[in-house]
């Protein structure tokens with residue numbers, strides 16, 4: 001364990017990161033030098049973004065890795081997040097564009113626990129790494145509606161109806177700021193996972 005964060009521990013990272021290649025086990029070039037503590041020092045114009053993996057962190061982007069190349073991380077994750085369709089491989093969690101929710105673990109705080117899925121989106125599974133699809137809480141609205149309609153064929157007459165009846169109706173959500181999702185205010189960040 002380095003810096004008090006266990007291998008497989010996930011943190012937020014709000015800096016820029018270098019793009020990851022499409023090949024398994026991508027590794028950024030090691031820095032040219034180290035300071036007195038052994039930390040990487042940039043000497044060739046490579047930005048800190050490119051040093052993220054050299055410092056023992058990877059973005060949680062669902063990429064497949066060779067278990068033999070990352071034995072400690074594989075021991076922590078196993079194939080909970082998939083194996084990339086190949087033996088001897090495992091996948092990082094894919095946390096891009098999603099909110100993370102703590103595992104219910106018997107608390108009762110996740111009322112739809114039974115509807116959670118495997119990270120692939122297939123098959124029931126409610127443990128760590130499980131996926132929960134979009135949902136909108138069922139609700140009703142109450143409004144007042146007159147019990148009867150009054151009409152008159154005489155001009156210059158006005159009628160007031162104050163006898164009201166409470167009505168309840170299920171409503172479909174209407175378009176608001178976004179028709180694509182219901183969400184809290186948020187800030188974009190990377191989830192990164194320690195692998196060494």
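The values are calculated or read from the model by the stated rules, or taken from the named source; none is laboratory data. All values reported here derive from a predicted model rather than from experimental measurement. Backbone-built Cβ (ideal geometry, glycine too); neighbour counts: all protein chains shown.
Brief remarks on what is shown
- Taken over segment 127-148, the criterion of being under 26 Å from residue 188 (Cα atoms) and in a loop (DSSP other than H, G, I, E, B) is satisfied by 127, 128, 129, 130, 132, 133, 134, 135, 136, 137.
- Screening segment 54-74 for residues that are farther than 28 Å from residue 184 by Cβ and free of Cβ contacts under 8 Å to residues at least 40 places away in the same chain and picking the one that is nearest to the chain's Cα centre (by Cα) gives 74.
- Taken as a whole, the condition of being in a loop (DSSP other than H, G, I, E, B) and either at pLDDT below 55 or within 30 Å of residue 115 (Cα to Cα) (or both) applies to residue 99.
- Residues of segment 107-135 classified as without any contact (Cβ under 8 Å) to a residue 40 or more places away in the chain and surrounded by 10 or more Cβ atoms within 10 Å (Cβ to Cβ), total: 18
- Tally, over segment 80-92, of residues that are out of contact with any helix residue (DSSP H, G or I) (no Cβ under 8 Å at 6 or more places or on another chain) and in contact (Cβ under 8 Å) with a residue 40 or more places away in the chain: 4
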